[in-house]
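Data first, discussion second: the structure below is written as structure tokens.
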Amino acid sequence: MNEELISKKELLKSTGISYGQLYRWKRKKLIPEEWFIKKSSYTGQETYFPKESILQRIETIMNLKDDISLDELAEMLSNKGLKRKIMREELLERGIVSEKILESYETMFRHQESYDFDRVVIISLFNDILNSNKISISETKGMINLINNTFDNITNDTRIIFIKSLGIGGWILTKDSEIIIDNSFEKVFDINISQFISNLKLKFD
């Protein structure tokens, strides 16, 4: 279950950014250190990146860099949560979650008029997972329990994955980019939680 990699040369060519920009953004912590993956090649060593994550991150940086400072952008792109409470009504108005799915969540847990940001992350994940129509509400509850118990340990490489075989599914939380499982299991859902948090924060800008 490896995320496809892209070489530094291919990345610079496909995005049009310069070598200097790339490493300046790294120094400013806009791009995580761990995304710079060194691999041996016939020329010595070459740098690779997780393709989907880096392309999405660069697109976000390019779209926002002229509107806010790089320091502000780094804070926005970090996996640190927003410090304010978020009203239930605001979640609906901003399209973070549908009314029907929020009511389903509140049936399992409890109705609140406002939520901490870590709870909003879980609600938003709950919304996206159910909208995929691949995972049931009861199966999604396992994700909620897993994130609840590990939220403070989320890093830039943390992924949550749902696998299924013969009608039985389970959640995996991993900080390893390489996961090898039995071929009889199907990967149904796979997301980088840190990237998900960064994108979610942008919706409250």
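Rule-based calculations on the coordinates, nothing more; no lab input. Model, not experiment: these values are computed from the prediction. Every residue, glycine as well, gets a Cβ built from its backbone with ideal geometry; the counts of neighbours run over all protein chains shown.
For the range 114-183, the set of trypsin sites (Lys or Arg not before Pro) satisfying both a DSSP loop assignment and a count of at most 13 other C-beta atoms within 10 Å is given as K175. If you find the alpha carbon centre of the range 103-126 and of the range 137-181, how far apart are they in angstrom? If we compute the Cα centre of each part, the gap is 18 Å.
Working note: 222 nm ellipticity from helices only, DSSP H runs with n ≥ 4, each -39,500 (n - 2.57), summed and divided by the residues of the chain, gives -13500 deg cm²/dmol to the nearest 500.
Here is the list for the range 3-109: GluC sites (Glu not before Pro) lying in DSSP coil, each with at most 14 other C-beta atoms within 10 angstrom of its C-beta, are E4.
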